[in-house]
1. Quote the relative contact order of the stretch 2-158 in percent (integer), defining contacts as alpha-carbon pairs under 8 Å separated by 6+ residues.
2. Scan around VAL30 for amide H atoms under 5 Å from its own, H built in the peptide plane at 1.01 Å from N, and keep only partners 5 or more places away or cross-chain.
3. As a test of the formula, what do you get for the chain when each DSSP H run with n ≥ 4 contributes -39,500 (n - 2.57) and the sum is divided by the residue count, at 222 nm and rounded to the nearest 500 deg cm²/dmol?
4. Given Cα positions, please report Rg to Rh for the chain, the hydrodynamic radius being the Kirkwood one.
5. Would you kindly state how much longer the chain becomes between SER75 and ARG58 on full extension, computed as 0.36 nm times their sequence separation minus their alpha carbon distance, in nm to one decimal?
6. Using Cβ contacts closer than 10 Å as the measure, can you line up ARG54, ARG126, ARG21 from fewest to most?
7. Starting from the Cα of THR128, step 7 Å along the direction of its Cβ; do the same at ARG100; then give the gap between the two resulting points in nm.
Amino acid sequence: MDTLKTPGTYALVLACSNPIRIRVGALGEVGLDAGYLVYVGSAFGPGGLAGRLRHHLRPVRRPRWHVDYLREQASLVGVWCASGPRSLEHEWATAFANIRGFTAPHRGLGASDCACDTHLLHSRRRPTGRWIRESLAGAQGATPVDFFRINRLQVLVDG
């Protein structure tokens, strides 16, 4: 898929079947409810979206970003992404925060490099479908927003 060969913005969708507690760098210990977590980030380095998503698909050896600590206990189920020349992660984090049913579980989580409250949001409802696509598209303009389930994502970034 051409979307993944370019730089862009992504939102990982992770599932937690039980409440978890994780230690996240300088934030210390953080408690997260069972349900779905969405981590919003951007990929503007070498390899674009595919390169960054490949990192998120691999087992965590040395945590680098807040989401790496989370991935040790939560399962990646899919990703929303859009290619484009500028980061939309702040707009997407705001879009998710404005969707009914999403909450910010901990201030600063996933957003240590910006002034946003958080780039990690929680929902009891699986964040897939047209309602999410429309919210993200409205936050970013005309660029298509795609969702890939984990199995398809693995094929696309490794194939």
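Bear in mind that the values in this text are calculations on the coordinates, not laboratory data. Treat the numbers as computed from the prediction; the structure is a model and nothing was measured. In this analysis, Cβ positions are derived from the backbone assuming ideal geometry, glycine residues included, and neighbour counts consider all displayed protein chains.
1. Contact order relative to length: 30 percent.
2. Here ILE22, ARG23, VAL24 satisfy the definition.
3. Calculated from helices alone, the mean residue ellipticity at 222 nm is -8000 deg cm²/dmol.
4. Rg divided by Rh gives 0.92.
5. Extending this stretch completely gives an extra 5.0 nm.
6. ARG21, ARG126, ARG54
7. Going by the 7 Å Cα→Cβ label model, 2.3 nm.
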